[in-house]
Amino acid sequence: MTLLKVEQLHTHIHTNKGRVSPVRGVSFSIEKGEVTGVVGESGSGKSVMSQSLIRLLDREGNIEYNGQIHFDNKDVLALSEAELRKLRGNDISIIFQDALSSLNPLYTVGNQIVEAIRTHQSLSKKTARKQAIEFLRLTGIPSPETRFNSYPHELSGGMQQRVMIAMALVSKPKLLIADEPTTALDVTIQAQILDLIIQLNTEFEMSILFITHDLGVVREICSSVKVMYLGQIVEEGPTETIFNQPLHPYTKLLLASMPKLNSDRTEPLPAITGTVPSLSNIPKGCSFSTRCPYATDLCREQEPPMFSNDGQRVQCWLYDEEKGGWLD
Amino acid sequence: MKEDHQPILEIRNLSKSFTASGTLEKLSGKTKYVRAVNNVSFQLNKGEVYGLVGESGSGKSTLARTILQLTKPSSGEVLYKNQDLTALKINEMRKLRKDLQLIFQDPFSSLNPRKTVGQILEEPLRIHGVKKAAIRQEKALALLEQVGLQTEHYFRYPHEFSGGQRQRIGIARALIVDPEIAILDEPVSALDVSIQSQILNILKALQKNLNLTMLFIAHDISVVRYISDRIGVLYLGEMMEEADTDSLFAEPLHPYTQALFSSVLDGSKKERIPLKGEIPSPLAPPSGCVFHTRCPFATELCKEQKPKLREVRAGQRVACHFVK
Ligand SMILES: Nc1ncnc2c1ncn2[C@@H]1O[C@H](COP(=O)(O)OP(=O)(O)OP(=O)(O)O)[C@@H](O)[C@H]1O
Ligand SMILES: Nc1ncnc2c1ncn2[C@@H]1O[C@H](COP(=O)(O)OP(=O)(O)OP(=O)(O)O)[C@@H](O)[C@H]1O
Ligand SMILES: [Mg+2]
Ligand SMILES: [Mg+2]
């Protein structure tokens with residue numbers, strides 16, 4: 001069952017320097033229970049795209065959307081502020097990289113979870129407290145009764161992220177958006193949090209949109225992946241397919257430039273030349289053409305369409321529809 | 001690989017504790033100590049890249065700063081060219097600063113926004129007594145080229161550059177004085193993979209061409225593996241294991257090293273060794289082996305007695321009671 005369907009989404013932000021469009025025509029869908037990854041370099045639009053899904057940026061004003069977002073039969077772009085609040089509170093939760101700044105430093109973590117529970121259900125304080133402790137336990141926090149009374153700063157980064165996850169879960173959301181939730185954590189702690197996220201996905205059949213710049217994390221937990229570049233999804237498909245036979249040159253280069261534990265250390269690392277162009281200076285044609293080693297005149301002139309092949313989609317002129325692979 | 005194993009820098013039993021200054025400590029009137037680096041010994045051989053890995057708070061940056069005498073060690077020695085840096089007077093140390101350069105994670109905060117790249121690069125030369133402007137400029141332009149920037153960048157200001165380009169400027173500034181040793185503290189951690197690999201390639205080429213000795217600090221194990229000839233693994237301020245890179249990855253011997261390597265997600269599918277629990281606070285480090293609270297093999301002995309870092313294979317040192 002399709003839970004979320006996004007079609008030709010554009011997000012425009014009006015700033016005092018003019019209009020920028022961090023999301024430029026993104027289409028995808030998320031099935032119930034699916035864990036899908038969004039990867040891309042810094043500035044590729046991952047956060048703006050995911051926040052657009054629940055219109056979190058509206059608060060800053062001067063935002064304009066084009067396209068369609070359908071979540072569970074709701075037309076998200078047509079919802080009123082009150083309906084949006086309900087959507088964000090009940091159906092879709094979001095967690096961020098920096099847990100500490102999302103938590104209120106003045107309240108104990110227990111009280112913050114109790115508050116979250118009581119905005120969804122009319123429960124007595126005592127019952128809500130019991131539930132809060134259960135959520136803390138569920139996320140693997142040791143001695144949750146004691147931790148209930150801790151203030152955010154008294155917890156380690158990993159524990160703070162667990163508290164954020166506990167808070168995101170109280171409404172039993174259908175979709176969890178996780179925006180780089182493990183980027184600030186150490187690898188051994190990251191491994192624990194990823195295990196937790198997978199466990200929750202199986203237990204609650206919750207769909208997860210997992211945003212990261214780390215391809216290794218994607219391979220570990222996501223069944224499908226979308227690769228973003230300059231506000232567009234340039235390739236998407238099942239994780240194994242993307243890792244084993246990436247079609248877009250950008251995906252290939254991203255995968256190749258990752259140092260691996262078994263790579264040859266004497267060879268130079270494949271690198272992508274140049275840097276990501278700025279939003280105010282988006283290249284004509286294919287947006288990756290300025291850095292692509294295979295770019296042709298066509299690539300520099302005309303934006304490639306999205307080609308589909310067996311669940312894999314790629315936006316690149318080098319793709320040969322008949323062959324189902326690369327042009328020679 | 002490296003023929004001469006002449007140590008250029010030798011770190012002997014280096015320790016650094018900070019006094020904790022939290023409110024609780026002040027109220028209780030008892031001074032508590034953060035044990036950031038504890039009894040660490042290793043040496044850098046001329047022309048090699050020594051990698052230091054460890055999770056956040058393991059003392060990597062403190063170790064770097066203590067080596068450079070940017071913070072005074074609590075005890076221990078740092079021997080450079082037969083001098084103990086910890087015993088030098090400030091002006092004696094100042095003369096040696098040129099030889100030992102530090103490159104940070106975020107060079108932006110250390111690049112003066114009002115100066116052009118040319119001025120930024122030439123400043124260290126001026127400080128170290130290169131009087132002729134023409135020579136300074138020639139040197140600056142040569143380094144710009146070596147780190148992959150262009151001549152036109154000489155006249156630009158730091159804010160006009162991307163993160164990766166700023167890191168190149170930071171590297172050029174450190175190397176312009178021809179240091180003997182470069183200490184790099186997380187030089188690529190803030191960068192995207194595509195930019196990260198550009199910088200790693202540049203660092204590796206520079207290191208080779210200049211026969212530079214490098215201490216390369218990072219929490220990213222695949223990055224450290226790629227660039228280092230030898231590696232030391234830190235945990236809670238202590239050295240757990242040390243070996244040449246290939247041996248260490250072929251057979252990590254310490255249970256911490258094994259678990260750490262298995263947690264690295266480099267896109268290959270593999271078995272993970274889960275580590276239970278949190279990294280303990282350096283305010284109250286565990287007794288005995290500092291890793292025993294998370295070690296799957298810990299015994300009573302580990303709780304009571306700190307294992308010595310001992311050589312168990314040629315060039316491989318491990319601090320664990322049970323490694324044979
Ligand atoms: N409020 C805003 N006003 C103007 N531009 C913005 C605003 N928010 C984001 N942007 C721009 O939109 C682009 C995409 O930003 P976004 O934060 O979505 O990137 P990201 O992929 O999440 O990057 P990162 O990996 O660094 O988190 C960037 O160029 C950013 O500068
Ligand atoms: N000036 C200071 N005063 C008090 N404690 C300090 C100070 N500097 C560092 N510490 C403490 O010493 C320990 C080691 O810190 P250090 O910054 O050296 O770790 P690190 O390995 O560099 O970590 P990261 O990967 O996060 O950079 C930490 O517990 C830290 O809080
Ligand atoms: Mg982001
Ligand atoms: Mg550090």
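When residues of region B:229-246 are filtered for being within 13 Å of chain A (Cβ to nearest Cβ) and over 19 Å from B:S263 (Cβ atoms), how many remain?
The qualifying residues number 4.
For residues that are touching a residue at least 60 places away in the same chain (Cβ under 8 Å) and either over 17 Å from B:I127 (Cβ atoms) or within 13 Å of the chain's Cα centre (by Cα) (or both), tally how many sit in region B:63-107.
Result for region B:63-107: 19.
For region B:40-75, which residues satisfy the criterion of being more than 12 Å from ligand 2 (Cβ to nearest atom) and of a type in the set (D, E, K, R)?
Across region B:40-75, the qualifying residues are B:K46, B:E48.
For region A:215-256, which residues satisfy the criterion of being in contact with a helix residue (DSSP H, G or I) (Cβ under 8 Å, 6 or more places away or on another chain) and more than 16 Å from ligand 1 (Cβ to nearest atom)?
Step one: filter region A:215-256 for residues in contact with a helix residue (DSSP H, G or I) (Cβ under 8 Å, 6 or more places away or on another chain), giving A:215, A:217-225, A:227-231, A:234-236, A:239, A:242-243, A:246, A:251, A:253-255.
A:R219, A:E220, A:I221, A:C222, A:S223, A:S224, A:T239, A:I242, A:F243, A:P246, A:L253, A:L255 - these are the residues of region A:215-256 that are in contact with a helix residue (DSSP H, G or I) (Cβ under 8 Å, 6 or more places away or on another chain) and more than 16 Å from ligand 1 (Cβ to nearest atom).
Note down all Cβ pairs under 6 Å where the first residue falls in region A:235-258 and is surrounded by 24 or more Cβ atoms within 10 Å (Cβ to Cβ), the second is of a type in the set (S, T, N, Q) and assigned to a helix (DSSP H, G or I), and they're at least six residues apart or on different chains.
What qualifies is A:E235/A:T251.
Filter region A:112-160 for residues that are within 23 Å of the chain's Cα centre (by Cα) and under 18 Å from B:S281 (Cβ atoms); which is modelled with the highest pLDDT?
Per the stated criteria, the residue is A:Q160.
Identify all residues within region A:198-256 that are within 16 Å of ligand 3 (Cβ to nearest atom) and of a type in the set (K, R); write none if there are none.
Across region A:198-256, the qualifying residue is only A:K226.
Restricting the search to region A:286-312, which residues are assigned to a loop (DSSP other than H, G, I, E, B) and crowded, with 16+ Cβ neighbours inside 10 Å? I'd like the intermediate steps shown before the answer.
Just the residues of region A:286-312 that are assigned to a loop (DSSP other than H, G, I, E, B), to begin with: A:286-296, A:302-306, A:310-311.
A:C286, A:S287, A:F288, A:S289, A:T290, A:R291, A:C292, A:A295, A:E303, A:P304, A:M306, listed by residue number.
Taking region A:26-59 as the search range and keeping residues that are within 14 Å of chain B (Cβ to nearest Cβ) and more than 6 Å from ligand 1 (Cβ to nearest atom), which one is nearest to B:S189 (Cα to Cα)?
A:E41
So in region A:18-60, with the set limited to residues that are away from ligand 3 (no atom under 11 Å from the Cβ) and assigned to a loop (DSSP other than H, G, I, E, B), which one is farthest from A:T2 (Cα to Cα)?
Selected residue: A:R55.
Just to be sure I understand the filter: pairs with C-beta atoms under 9 Å, separated by 6 or more residues or on different chains, first member in region A:204-217 and within 13 Å of chain B (Cβ to nearest Cβ) and under 16 Å from A:I193 (Cα atoms), second member acidic (D, E) and part of a strand (DSSP E or B). Which pairs pass?
Short answer, once both residue conditions are applied: A:F210/A:D179; A:T212/A:D179.
Quick one: which of A:S93, A:S102 is within 18 Å of the chain's Cα centre (by Cα) and within 16 Å of ligand 3 (Cβ to nearest atom)?
After ruling out the rest, the residue left standing is A:S102.
Determine which member of the set B:S287, B:S281, B:S247 is assigned to a helix (DSSP H, G or I), surrounded by fewer than 21 Cβ atoms within 10 Å (Cβ to Cβ) and of a type in the set (S, T, Y). Before you say what the answer is, go through the steps one by one.
On the way: B:S287 fails: assigned to a helix (DSSP H, G or I); B:S281 fails: assigned to a helix (DSSP H, G or I).
B:S247 is the lone residue from the list that is assigned to a helix (DSSP H, G or I), surrounded by fewer than 21 Cβ atoms within 10 Å (Cβ to Cβ) and of a type in the set (S, T, Y).
Need at least 2 residues that are within 22 Å of B:M214 (Cβ to Cβ) and at pLDDT 95 or above per element, so show me which helices (runs of 4 or more DSSP H) inside region B:17-111 make the cut, counting only ones lying wholly within it.
B:60-67
State all residues of region B:179-194 that are free of Cβ contacts under 8 Å to residues at least 60 places away in the same chain and either away from ligand 3 (no atom under 16 Å from the Cβ) or away from chain A (no Cβ under 14 Å) (or both); if no residue qualifies, say none.
B:V188, B:S194
What number of residues in region A:191-225 are closer than 23 Å to A:M258 by Cα, assigned to a helix (DSSP H, G or I) and in contact with a Gly (Cβ under 8 Å, 6 or more places away or on another chain)?
The first filter runs over region A:191-225 and keeps only residues closer than 23 Å to A:M258 by Cα, leaving A:191-195, A:209-225.
Checking which are assigned to a helix (DSSP H, G or I) leaves us with A:191-195, A:215-221.
So of that shortlist, the ones also in contact with a Gly (Cβ under 8 Å, 6 or more places away or on another chain) come out as A:192-193, A:215-219, A:221.
Selection size over region A:191-225: 8.
For region B:250-276, give me each residue that is buried (at least 19 other Cβ atoms within 10 Å of the Cβ) and more than 13 Å from every other protein chain (Cβ to nearest Cβ).
Matches in region B:250-276: B:L253, B:H254.
The values are calculated or read from the model by the stated rules, or taken from the named source; none is laboratory data. None of these values were measured; they are calculated from a predicted model. In this analysis, Cβ positions are derived from the backbone assuming ideal geometry, glycine residues included, and neighbour counts consider all displayed protein chains.
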